[in-house]
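Here's the structure, in structure tokens; my notes come after.
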């Protein structure tokens, strides 16, 4: 079966998260999106674990869960995210990590061990006064079947390679526990082809998740992982990731990295943004105010890359660039809010006709899409599907913007027949 999985999101117990991000609401919108599997998020929070126990029941023999009352067939994996804050040398570090767990009992055990490092009830994504190696030890000693990997690895703050307080290598961060890490979350501002430029990441499996703080379909599943599994279980999915098996792990769904909030270097207060090349010419200094700009992911990757653009490792997991259907419709009908009634009317019509958003975005043939969606919306969907779009790059916390009036950038090839785009 084909499985669409979004394993990194948050509950109402996390800051800046919708109060409607409950398990039933999550299942409803996940089904509309086309997700078969979603993470619970925030499994270290004791009150959220109580809600998980109340609203979910285990699917025997799978390590996954489903709603106790409801006909939605979405499965849940117990997941979480934690922030480790620690001093290394003279520099303070704050790194976010994703957790995958095989049961709610495992989450209890992990919570018991992590409670000594911080107040787990203070936030769904707690801050722990622990180093990454300590985190790895505590989680895996609680249950050796758990999985840990860096969250949104390139954002300037709170990430493995973050320009502001991150590291230059996985080993610098996880030290002698690095061999326990076998995956890396790329985040919205980068995609696999950008990460392929670092040979140090070759052994890691690149995964993508939404980090959603709302169940709205323009947040949930905007990035996801697509598997082909004979049986949907925790262990089958973890094994497919660990083995980087392209027969079982088919591809990731990625937003265009330019759409992410930190793709380009820039300064939001002055509304200044620029490519890595131009930022380097200015020594990353804002040309309007003279302050240091927030270093974008594109520039940070340039700093650490040891390969040219276009390099693709052998047996790399593929990817597809997509953007949320709600946002595409909103732009086509006049740059309205994606939550407006006009957008919902068109969105519900398409999803009702073709089954899910992913079906609309990935599978429905043009001759079937056109009479239902109309020429403008179907044309925009096909352009996004074919990666034939222009996105004004995001910077310094500002999302990128899809511009359907501009042509897509020319897709170039780089030496030795290696293509820049998949």
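The values are calculated or read from the model by the stated rules, or taken from the named source; none is laboratory data. On a predicted model such as this, the values are computed, not experimentally measured, just so you know. Please note: Cβ atoms are built from the backbone with ideal geometry, for glycine as well, and neighbour counts cover all protein chains shown.
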Residue 280 passes all but one of the listed conditions (1) under 24 Å from the mean Cα position of the chain (by Cα); (2) surrounded by fewer than 19 Cβ atoms within 10 Å (Cβ to Cβ); the exception is number (1)
Within segment 144-157, residues part of a loop (DSSP other than H, G, I, E, B), within 21 Å of residue 182 (Cβ to Cβ) and either without any contact (Cβ under 8 Å) to a residue 12 or more places away in the chain or in contact with a strand residue (DSSP E or B) (Cβ under 7 Å, 6 or more places away or on another chain) (or both) come out as 144, 146, 151, 152, 153
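Matching residues to (1) closer than 19 Å to residue 318 by Cα; (2) out of contact with any strand residue (DSSP E or B) (no Cβ under 8 Å at 6 or more places or on another chain):
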| position | (1), (2) |
| --- | --- |
| 209 | yes, no |
| 232 | no, no |
| 258 | yes, no |
| 290 | no, yes |
| 303 | no, yes |
For segment 119-143 the number of residues that are part of a loop (DSSP other than H, G, I, E, B) and within 14 Å of residue 98 (Cα to Cα) is 3
Residue 303: passes all of (1) under 26 Å from residue 167 (Cβ atoms); (2) modelled with pLDDT under 95 but (2)
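For segment 38-98, please list each of the strands (runs of 3 or more DSSP E) lying entirely inside it that holds at least 1 residues being within 22 Å of residue 154 (Cα to Cα). I'd like the intermediate steps shown before the answer.
Details: elements: 56-59, 64-67, 75-88.
Strands (runs of 3 or more DSSP E) meeting the threshold: 75-88.
Mind counting the residues in segment 206-229 that are assigned to a strand (DSSP E or B), buried (at least 24 other Cβ atoms within 10 Å of the Cβ) and over 8 Å from the mean Cα position of the chain (by Cα)?
Just the residues of segment 206-229 that are assigned to a strand (DSSP E or B), to begin with: 206-207, 212, 224-228.
Okay, now just the ones that are also buried (at least 24 other Cβ atoms within 10 Å of the Cβ), so 206, 212, 224-225.
Then keep just the ones that are over 8 Å from the mean Cα position of the chain (by Cα); that gives 206, 212, 225.
Adding up the residues that qualify gives 3.
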### Task
Kindly indicate whether any position in segment 46-57 is touching a residue at least 12 places away in the same chain (Cβ under 8 Å) and more than 22 Å from residue 111 (Cβ to Cβ).
no
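Within the group 179, 137, 143, 243, which residue is in the same structural domain as residue 25 (by TED's automatic domain parsing), surrounded by fewer than 20 Cβ atoms within 10 Å (Cβ to Cβ) and over 25 Å from residue 64 (Cα atoms)?
Values: 137 fails: over 25 Å from residue 64 (Cα atoms); 143 fails: over 25 Å from residue 64 (Cα atoms); 243 fails: over 25 Å from residue 64 (Cα atoms).
From the options 179, 137, 143, 243, the qualifying one is 179.
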Item to check | Residue check for residue 128: touching a strand residue (DSSP E or B) at 6+ places or on another chain (Cβ under 9 Å), under 24 Å from residue 259 (Cβ atoms), assigned by TED's automatic domain parsing to the domain that holds residue 50 and modelled with pLDDT of 95 or more | outcome: no
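Filter segment 383-399 down to residues that are free of Cβ contacts under 8 Å to residues at least 60 places away in the same chain and surrounded by 16 or more Cβ atoms within 10 Å (Cβ to Cβ) and give me whichever is nearest to residue 262 (Cα to Cα). Reasoning before the result, please.
Pass one, segment 383-399, residues free of Cβ contacts under 8 Å to residues at least 60 places away in the same chain: 383, 386, 388, 390.
Okay, now just the ones that are also surrounded by 16 or more Cβ atoms within 10 Å (Cβ to Cβ), so 383, 390.
On the way: 383: 24, 390: 17 Å.
Here the residue is 390.
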* Asked: Quick check: is even one residue across segment 160-174 surrounded by 16 or more Cβ atoms within 10 Å (Cβ to Cβ), touching a residue at least 24 places away in the same chain (Cβ under 8 Å), on the phi > 0 side of the Ramachandran plot and in a loop (DSSP other than H, G, I, E, B)?
  -> no
